[in-house]
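Read-outs throughout are calculated quantities, based only on the coordinates presented, and are distinct from any laboratory measurement. In this text the structure is predicted, and so the values were computed from the model without any measurement. In this analysis, Cβ positions are derived from the backbone assuming ideal geometry, glycine residues included, and neighbour counts consider all displayed protein chains.
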Amino acid sequence: MAKALVDKKTGVVYDVERPWLGGNILGGDDRCLDDGVFDYLLSEFNPSSIVDVGCGEGQLMEYFHYNEVQVHGIDGLEYNKDNAASDIKDRIVVHDYTNGPLHPIDVDMVISCEFVEHVHKRFMANFLPQFVYCETLVFTHAIEDQQGYHHVNCENDPYWINLMTSLGMVYLEDKTMEARNIVTDGHFWGTVLIFKKKFT
């Protein structure tokens, strides 16, 4: 079994034999955590449950957990689950989407930060069922040609909007722009997109 390593210069966690896994920063990355955006999501959509796809060590989960939201997480590295806080560790499922789909977790909201750009397009069909198994979908993406650890699927807004619309989600442009206007400078949430399930 391969072991996860941490790059001493960048703090990036990765798997030697499966480099597509990881990419998170050991101990958490402040650029993935934006309290203003999270407060907005809580007040605007009032989710009672969320799943964080590509949750790393679960720092985003902790924020929602402390705001009395039932939290779940999915990550590809056991190492990340082992480093998660004790109160959320058991809520993280370890799964590598290159091995196939995972039965979707039934939640009000799916959240995903810095995940989609790390997954080759040929494997997207394995995680998309979770993205649409909710009332509200919130995720960020890297823009075209954006550099980063194992960035293999960098696309601009229209690509993701068209894709999610084809899967039965409705793009909430007004909510997306409201959330983007809250984003702290330098945080990854500047590319956030928000969708709702059609006919809910």
Query raised in the report: Can you work out the FRET efficiency for the pair Glu44 and Val93, with r the C-beta to C-beta distance and R0 = 25 Å, to the nearest 0.05?
Result: 0.40
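With a 10 Å radius around each residue's Cβ, average the other Cβ atoms per peptide and rank 18-27, 115-124, 179-188, highest first. The partial results should precede the final answer.
On the way: 18-27: 20.1, 115-124: 17.8, 179-188: 14.9.
The packing order, highest mean first, is 18-27, 115-124, 179-188.
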Report summary line: Counting sequence-distant residues (5 or more places) and residues on other chains, those with an amide H built under 5 Å from that of Leu172 are Ile194, Phe195, Lys196
Report summary line: For the range 29-197, the Cα-Cα pair-distance distribution in 5 Å bins from 0, as whole percents, is 1, 9, 19, 24, 24, 16, 7, 1
Query raised in the report: Under 16 Å Cα-Cα from Lys81, which aspartates and glutamates qualify once same-chain neighbours fewer than 8 residues away are excluded?
Result: Asp15, Asp29, Asp52, Glu57, Glu62, Asp90, Asp96
Report summary line: Per-residue Cβ contact counts at 10 Å, fewest first, order Cys55, Cys32, Cys134, Cys154 as Cys154, Cys32, Cys134, Cys55
Query raised in the report: Using only helices, what value at 222 nm comes out for the chain when you add -39,500 (n - 2.57) per DSSP H run of length 4 or more and divide by the total residues, to the nearest 500 deg cm²/dmol?
Result: -7000 deg cm²/dmol
Report summary line: dims of the range 1-52, Cα set, principal axes, largest to smallest, nearest Å -> 41, 24, 14
Query raised in the report: Going by alpha carbons, how many degrees (0 to 90, nearest 10) lie between the helix axis of 35-45 and the longest principal axis of the chain?
Result: 50 degrees
Requested in this report: Using 0.36 nm per residue of separation minus the Cα-Cα distance, give me the extension gain between Tyr159 and Val132 in nm, one decimal.
Outcome: 8.1 nm
Report summary line: For the chain, the longest principal axis of the Cα atoms and the Cα long axis of helix 157-166 enclose an angle in degrees, to the nearest 10, of 70 degrees
Report summary line: Subtracting the Cα-Cα distance of Glu68 and Ala85 from 0.36 nm times their residue separation yields 4.5 nm
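Give me the one-decimal Kirkwood hydrodynamic radius in Å for the range 100-200, with the sum taken over alpha-carbon pairs.
Working: mean 1/r = 0.0717 Å⁻¹.
That comes to 13.9 Å for the range 100-200.
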Report task. Starting with the highest mean, order 33-41, 94-102, 70-78 by the number of other Cβ atoms within 10 Å, averaged over the residues of each peptide. Result -> 70-78, 33-41, 94-102
Query raised in the report: Is the range 28-108 best put as rounded, prolate or oblate by its Cα gyration tensor, with a ≥ b ≥ c the root eigenvalues, rounded for a/c under 1.5, and otherwise prolate when a/b is larger than b/c, oblate when not?
Result: prolate
